[in-house]
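First comes the structure, then the notes that go with it.
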Amino acid sequence: MPDLIWEIEDQEGVFLTFDDGPTPGVTEWILATLKRYNAKATFFVLGKNAEMYPDLYQMIINEGHKVGNHTYSHQKGWSMSLERYIEDVDFAGDIVHSELFRPPYARVTPAQMKAVAKRYKIVMWDIVSRDYNRALSPEKCLKNVTDYITAGSIVVFHDSEKAFKNMSYALPRTLKKVKEMGLKCKIIEL
């Protein structure tokens, strides 16, 4: 099995990540919020969204954030052949130029992981906000992050309309907590 990156050895950094965008309205709000806190993040974007919203995709890069490949169409690898999955990853790779990859839902077969790992560094996480869960309160979403965050943590948020209510509550409060801890939000560079 290839090496998966679940956290990063860094005594002063926290690594906020955003999956599934870019999403009009949501991504701009995230970028403005990150800027207010002088924070950087890594956006695991869908190829189809980067293709649909190239200006928004470019805005992420222009503001000094990092992008990663999150496939073209956000498929669960378990339900696809190896060939079809790699085709989806490669299709996104033609649009999203990055050495980083995160599998949607973490649902991939060992063969898919092995094939992807030949060309990408696979970044997972140690903290999931669960901001996408509409049954979860914004306060609980925040606790899912701030109760566990430490130096080197890789945190997953989502820049999607579905997650916006919880993420928009949790993100500024997470950024404040990170600052209070004497840590800095950084991009993932491996």
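The values are calculated or read from the model by the stated rules, or taken from the named source; none is laboratory data. This structure is a prediction, so every number in the text was calculated from the model and none was measured. No Cβ is skipped: glycine too gets one built from the backbone with ideal geometry, and neighbour counts run over all protein chains shown. SASA here: full protein model, heavy atoms, side chains in, ligands and nucleic acids out. Shrake-Rupley method; radii C 1.70, N 1.55, O 1.52, S 1.80 Å.
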Filter segment 123-150 down to residues that are in contact (Cβ under 8 Å) with a residue 40 or more places away in the chain and surrounded by 18 or more Cβ atoms within 10 Å (Cβ to Cβ) and give me whichever is nearest to residue 74 (Cα to Cα). 123
If we ask which residues in segment 55-83 are within 17 Å of residue 123 (Cα to Cα) and crowded, with 19+ Cβ neighbours inside 10 Å, their number turns out to be 9
Of the criteria (1) farther than 24 Å from residue 153 by Cα; (2) exposed (fewer than 14 other Cβ atoms within 10 Å of the Cβ), which one residue 2 fails: (1)
Is at least one residue of segment 150-159 under 19 Å from residue 36 (Cα atoms) and in contact with a Gly (Cβ under 7 Å, 6 or more places away or on another chain)? yes
Picked from segment 151-190 (must be under 14 Å from the mean Cα position of the chain (by Cα) and either charged (D, E, K, R) or modelled with pLDDT under 95 (or both)), the residue least open to solvent (accessible area, probe 1.4 Å) is 159
Inside segment 84-93, can you point out the residues that are within 10 Å of residue 69 (Cα to Cα) and surrounded by fewer than 17 Cβ atoms within 10 Å (Cβ to Cβ)? 90
Pick from segment 94-105, criterion open to solvent by less than 60 Å² (accessible area, probe 1.4 Å) and at pLDDT 95 or above, ranking: nearest to residue 77 (Cα to Cα): 103
